[in-house]
Amino acid sequence: MSLSVRGVTVTLAGRRALDGVSFEADGVVALRGPNGSGKSTLLGVLAGVVAPDVGEVTVCGRSLRRERVAALRSLAWVPERPDLPGELSAREGVELIASLRGVDPPDVATVARFGLSGVYDSSRDGMSLGQRRRADLLGAFVGAPRVLLLDEPTNGLDADTTRWLVERLRAHAAGGGTALVATHDAAFAEAIGGKALHLAEGRFVAAPG
């Protein structure tokens, strides 16, 4: 099992953001729920940037608490609003990720597939929201990590890039990978296949309707 979460509880600013969340995941999983339901907090816990009050997270058989470095090597996280320097170019950001993962940076064809050929050397401040989002997603796929954590990945994407992302996520799952995707986009959630988990007030609930 690529992801295993057991009894994760998180309190933020005196509020219970996650309340005893447990699940296991392989393949593509859409994480659904209204704003404030705990989706981004859960992804932050899995990415190792939010510390749970209690609970255990295992990534590809590695405990995030006891084997943090090994666990984090297996995943890539794209938050909804990455906190990256505006002067950083798309190329610099992606090549930094490739260096940290010990792999080659993407080739020209891959950069073009993400629609970044004309802006790859532009600063993030000079890029549109969609271009920045495509650069973030390109970085996530570098080195083919087994687990992808994506928070609202279609924000700012055009229809063609969204369709390509659907195909890439389905291929990722078919190749044995796992993707946990937080999204408000019902059509995208249906298109990527797999199952859906619904959060409300920090707990999993039955699908609405």
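What the table shows:
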read-out	value
Some residue of region 103-115 being among the hydroxyl-bearing types (Ser, Thr, Tyr) and surrounded by fewer than 16 Cβ atoms within 10 Å (Cβ to Cβ)	yes
Residue within region 92-109 that is among the hydroxyl-bearing types (Ser, Thr, Tyr), farther than 27 Å from LEU31 by Cβ, assigned to a helix (DSSP H, G or I) and over 16 Å from the mean Cα position of the chain (by Cα) present	yes
Residues within region 13-52 that are in contact with a Phe, Trp or Tyr (Cβ under 9 Å, 6 or more places away or on another chain), over 11 Å from ALA182 (Cα atoms) and in a strand (DSSP E or B), tallied	3
Residue selected from region 48-84 under the condition more than 16 Å from the chain's Cα centre (by Cα) and among the small types (Gly, Ala, Ser), by the criterion surrounded by the most Cβ atoms within 10 Å (Cβ to Cβ)	GLY55
2 or more residues under 17 Å from the mean Cα position of the chain (by Cα): qualifying strands (runs of 3 or more DSSP E) within region 117-209	147-151, 178-182, 195-200
Test result for VAL10, closer than 21 Å to ALA179 by Cβ, part of a strand (DSSP E or B) and hydrophobic (A, V, I, L, M, F, W, C)	no
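A short reminder: the numbers here are calculations on the coordinates, not readings from a lab. If you're wondering where the values come from, they're calculated on a predicted model, not measured in any experiment. Backbone-built Cβ (ideal geometry, glycine too); neighbour counts: all protein chains shown.
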